[in-house]
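Worksheet: the structure to be examined is printed underneath.
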2 protein chains.
Amino acid sequence: MPHEIWRVNVQTQELRREPVPEAWQHWGGRGLIARILLDEVPPSADPLGPYNRLIFAPGLLGGHMLSSADRVSVGGKSPLTGTVKEANAGGQTGLALARLGIRALIVEDGAPEGLWVLHISAQGARFDPADDLSGLGVYETAARLRERYGKNIAAAVIGPAGERRMRAAAILHLDKDGVPGRASARGGLGALMGSRGLKAVVVDRQGGSPPPLADPEAFRSLQKRYNQALLAHPQTHTYHDYGTAAMVAMCNAFGGLPTRGFSQGQFEGADAIGGEALREMILARGGEGNPSHACMAGCIILCSNVFPDAGGRTVVSPLEYETIALMGSNLGLDDLETIARLNWHANDIGVDTIEVGAALGVAARGGLWSFGDGAAALGLMDEIRRATPLGRILGNGAVATGQAFGVLQVPAVKGQAIAAYDPRAIKGTGVTYATSPQGADHTAGLTIRAKIDHLKPEGQVAVSRRAQVAMAAYDTLGICIFAGFGLSTAPDLIPALLRARYGWEVGEDVLTRLGEGTIRLERAFNRRVGFGPADDRIPEWMTHEPLPPHHTVFDVPPDELDGIFADLGP
Amino acid sequence: MPHEIWRVNVQTQELRREPVPEAWQHWGGRGLIARILLDEVPPSADPLGPYNRLIFAPGLLGGHMLSSADRVSVGGKSPLTGTVKEANAGGQTGLALARLGIRALIVEDGAPEGLWVLHISAQGARFDPADDLSGLGVYETAARLRERYGKNIAAAVIGPAGERRMRAAAILHLDKDGVPGRASARGGLGALMGSRGLKAVVVDRQGGSPPPLADPEAFRSLQKRYNQALLAHPQTHTYHDYGTAAMVAMCNAFGGLPTRGFSQGQFEGADAIGGEALREMILARGGEGNPSHACMAGCIILCSNVFPDAGGRTVVSPLEYETIALMGSNLGLDDLETIARLNWHANDIGVDTIEVGAALGVAARGGLWSFGDGAAALGLMDEIRRATPLGRILGNGAVATGQAFGVLQVPAVKGQAIAAYDPRAIKGTGVTYATSPQGADHTAGLTIRAKIDHLKPEGQVAVSRRAQVAMAAYDTLGICIFAGFGLSTAPDLIPALLRARYGWEVGEDVLTRLGEGTIRLERAFNRRVGFGPADDRIPEWMTHEPLPPHHTVFDVPPDELDGIFADLGP
């Protein structure tokens, strides 16, 4: 298949297929999204208005089932933050787009009449009426799409939250088993998709083929080395056995586990919701449960899981650390099954578990309900589903909730909720929250594994910068960070894979160049929108309200924050 | 009395009285607020957090009962917009502060326990417990304050909206008759006051005296000329007879009267809610009604009014154009009594009628209620009063309401609702909305009386700039714009008054210098917060959705907007 940009206009329902412009050719995934936004979206564009773009882009190494390298990046100007936004996910969407030779699918214009499924295949693009799917949950929608279009489709789906343009709305992708559990969660991209009248983007990769290789033999030999490097790393096995939930114990030990609305850093119920408890419960319950599941074809890490109820029937898949923290300890809940049910509702409604978990925590601090009351939390999810006024507040995220209920202690940067590492205890990740062009986002540069005293302000900016640059590079390649541990032991692999795939002359600094280049583009976009140093800050209250048990505040000096990317443009 | 800065700390409940710093001495009112914010508030301060300031400042010419020159400026970093914010009002607060020799009352720190009345008098400042006033409406609060502290107090009061930190919360000042009808309405300053635990600031001017005069004889003779100039201008008499409501017919004729959520520029019911109808109804109903009322001692214009019900009992005072438009035509309501009742509720709850009127319009566009249903509109005011989730959404203003209900057509700039002149029909005022450092605000520079084709983009930037500079100067002097018509016929008066008051050597350019200087300070503050050219824009939808009946869009070119204050710093 040729490499192309596909543009669909939701007003005219026309598709234009274009060659990849010269300036875009060396970009994929997150970097390509930044490049497109900078080139095509006016800085003052309303994120939900007609001048924004909704973009789907596989990474540079997508399309070959390289382990965990088929992530899809989704992006646009964020309805939640107003910044550049990229939210990548596993599942099948990335692979399917790459197999059709689509470097980026750009959805143009807004506010069409009705609700539609955008169907993408080797035959082109078409819009199928989807008014019958209006208001349906993500799971039911996914089931109907698979009935209608076949079991092997990839699909990106929104729930009622996205249709209603809630700012916490996510886009859910089908995983390799057809379960819509992989989320482009952050930044309200579900609302952007809803504003385009799209209930789903279905991608049928039949008739497609893997992208061409400049040196097929070298690529296949590198693929073997790549798998060996992954399997040789102990962290890969931790993910295989415990998934991301292993982080509960680690973050709790550091005193950075968000607990009861970010008022504490350790949770007395941490053991009950940690990786070992999760694995034991899944194994004991059996049935459809699975502690080691792959979200995409070809992945050999298997960090995902399937969480069953007592009868062995699936409650949700996957159940991951960020959700366990934001909807568990952060809400004072120590019961994995309740957390799993909250997670299922969030997926089905189509909202970000981090953003809504943080919003529920803010609401509890505002006296709306009591921490630890699982039934009340489930009731609030139902408010979001029914789009009551209260549900609309919560569905617009933590900042909207803090505003509505007069709560100052809102954990958010640039309008986006902080993830499951309190910045007062894991200060390098705090630097990432503050300075990432994406708003608060742990996936933009997590530092908890860095060899540094996380409680001290010294050295955190350097640690965060390294992590942020690496993540921007992986997100541009389409590679899951969980492959990064193995890859770090073989730094020649990525450049060699890019040479074998594209024939590019790239050296071992290519990761740095891709990462720095991506952040440079993203910062340029944000700067044009009007973001600047004053926005690169941890919430003020976290600089003067100490976090138990270590009683630290976030105290990385502002001028150090301002210098983090000073070499990458204003 | 000496000229002093009074600083009260809401945590320690201490007062510090300080001489006016050199750099602040030539500033008053709005200009002084900008200077203080720039000097003392860190740009990233949470508006409701401890590092913001709440400032009350009379204007430079306050304290002498010069007609309509005793307005009070209230300011801080805005909870609604995040920008610099000054909202001035009539009533007695300005005069009382000036009589006590207070150039600025600066409220420091935040989040104290309990609710308080800050009592200011010649004896100093004290905090009286006010928990018994918690949740009370503004009118009942005002009555109790006058019982407790005497009939001659000045007072600035918040309602339940301010206590709950709603972003549309206003501060209501007692007028010369003790009625809390003069609002520092815009920018959510009531929420800032609520976050300081202050239900009211009571100012008892007993024992105070008029500020010293450098040349008393000249001042008194100028005062006579000033009054003559005002009385000689025909506009003064229009205001006397019809108040601001005369604007209904004018703006409707231009096709710029906000109608049904800013979807139309002419209202079929305009005659029924215009100045003549209002005057006739007040005169016909008699009783407590009064078409020509003064909000402050000494004013000879009498633009205010008292609107009575059929039995002659006061419904609200005053009933003004912005409210008639935003809560009348903008909501499809053509019944003055319903509008007056909405106004009373807004005052009593303590919210800005413009912001909440705009929010109700957005809610109607979102399908929450039907335009023209007065009972439904009154019911929504009750939701705000009871602080239901829906009421909290509406009480946070037009942008929050648009977000909650997925409505793109939100009339707001920098988070603040556009006032009663649609920018697509009165384009010079659109330039003001876009470029004022205050966010959308007609009082920052109204252009509807300029001799220009309001539908054409040409020349609007120059017209808006002149108006904005003049208004910033009047707001710094403490003078009501309605005196400006008369003053414009005698351009030597203001400089002569300043010479007689302070002994300053100022020439006829002093208005320009004060106005430009104020805007320069405000822009400097905003720039540090992170606002820039991309924020100086009319909402995107107004640039592509034409406004009936003239079917124009807002099309003043962005680069012209960006140039408006280019000479006043970045």
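Just so it is clear, none of the values below were taken in a lab; they were calculated from the coordinates. The shown structure was predicted, so the numbers you read here are calculated from the model rather than taken from an experiment. Neighbour counts run over all protein chains shown; Cβ positions are idealised from the backbone, glycine included.
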XL table A:K77/B:K414; A:K77/A:K414; B:K199/B:K414; Cα-Cα > 23 Å flagged, in table order, is B:K199/B:K414
Hey, got the Cα dimensions of the stretch B:234-422 along the principal axes, in Å, largest first? 45, 36, 29
Dividing the alpha-carbon radius of gyration of the stretch A:122-241 by 2.2 N^0.38 Å, where N counts its residues, gives 1.34
Please report how far the C-alpha centroid of the stretch B:327-367 lies from that of the stretch B:257-321, rounded to the nearest whole angstrom. 15
Could you please tell me the mean projected area of the C-alpha convex hull for the protein assembly as shown, averaged over all directions and given in square nanometres to one decimal? 41.2
Estimated dipole of the stretch B:234-422 in Debye, rounded to 20 [Cβ of Lys and Arg +1, of Asp and Glu -1, Cα centre]: 480
Residue (of B:H454, B:A169, B:G194) at the positive-pole extreme of the protein assembly as shown, dipole from beta-carbon charges: B:H454
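Local charge sum around A:D453 (other residues, Cβ-Cβ under 14 Å, Lys/Arg +1, Asp/Glu -1)?
+3
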In whole Å, what three semi-axes, largest first, describe the equivalent ellipsoid of the stretch A:4-203 built from its Cα gyration tensor (square root of 5 times each eigenvalue)? 21, 20, 16
Note: the stretch B:235-288, point scatterers on Cα, Debye, no solvent; log10 I/I(0) at q = 0.16, 0.31 Å⁻¹ equals -0.51, -1.13
Within chain A, longest stretch clear of exposed trypsin sites (Lys or Arg not before Pro) (DSSP loop, no more than 13 other Cβ within 10 Å): A:152-312
About its Cα centre, how strong a charge dipole does chain B have in debye, to the nearest 20, once Lys and Arg get +1 and Asp and Glu get -1 at the Cβ? 880
Please give the length that would be gained between B:D309 and B:R148 if that part of the chain were fully extended, namely 0.36 nm times their separation in residues minus their C-alpha to C-alpha distance (nm, one decimal). 55.0 nm
Among A:G328, A:A253, A:Q409, whose Cα projects farthest towards the positive end of the dipole of the stretch A:241-409, with charges put on the beta-carbon of Lys, Arg (+1) and Asp, Glu (-1)? A:Q409
Let me check against my output: what whole-number percent is the relative contact order of chain B, with C-alpha pairs under 8 Å and at least 6 apart? 16
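Check each of the GluC sites (Glu not before Pro) in the stretch A:84-113 and keep only those in coil by DSSP with at most 15 other C-beta atoms within 10 angstrom; list them in order.
Of the GluC sites (Glu not before Pro), the ones in loops of the stretch A:84-113 whose Cβ has at most 15 other Cβ atoms within 10 Å are A:E113.
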Under a Cβ-only charge scheme (Lys and Arg +1, Asp and Glu -1), can you give me the dipole magnitude of the protein assembly as shown about the Cα centre, in debye to the nearest 20? 420
Using R₀ = 60 Å, calculate the FRET efficiency as 1/(1 + (r/R₀)^6) where r is the Cβ-Cβ separation of B:E280 and B:H3; round to 0.05. 0.80
Can you list the lysines whose alpha carbon sits under 16 Å from that of B:K456, skipping same-chain ones fewer than 8 residues off? B:K427
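What number, rounded to the nearest 500 deg cm²/dmol, is the helix-based mean residue ellipticity at 222 nm of chain B, given -39500 (n - 2.57) per DSSP H run of at least four residues and division by all its residues?
Values: 21 runs with 214 residues, N = 570.
It lands at -11000 deg cm²/dmol.
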Any idea how far the Cα center of the stretch B:373-390 sits from the one of the stretch A:419-498, in Å? 48
So for chain B, what are the equivalent ellipsoid semi-axes in whole Å, largest first, each being the square root of 5 times an eigenvalue of the Cα gyration tensor? 31, 27, 25
For the stretch B:250-349, listing GluC sites (Glu not before Pro) in a DSSP loop whose Cβ sees at most 14 other Cβ atoms within 10 Å gives B:E268
So, in Å, what gap is there between the alpha-carbon centers of the stretch B:1-50 and the stretch A:200-216? 64
Output field shielding_mean for A:398-406 (other chain Cβ, 10 Å radius) holds 6
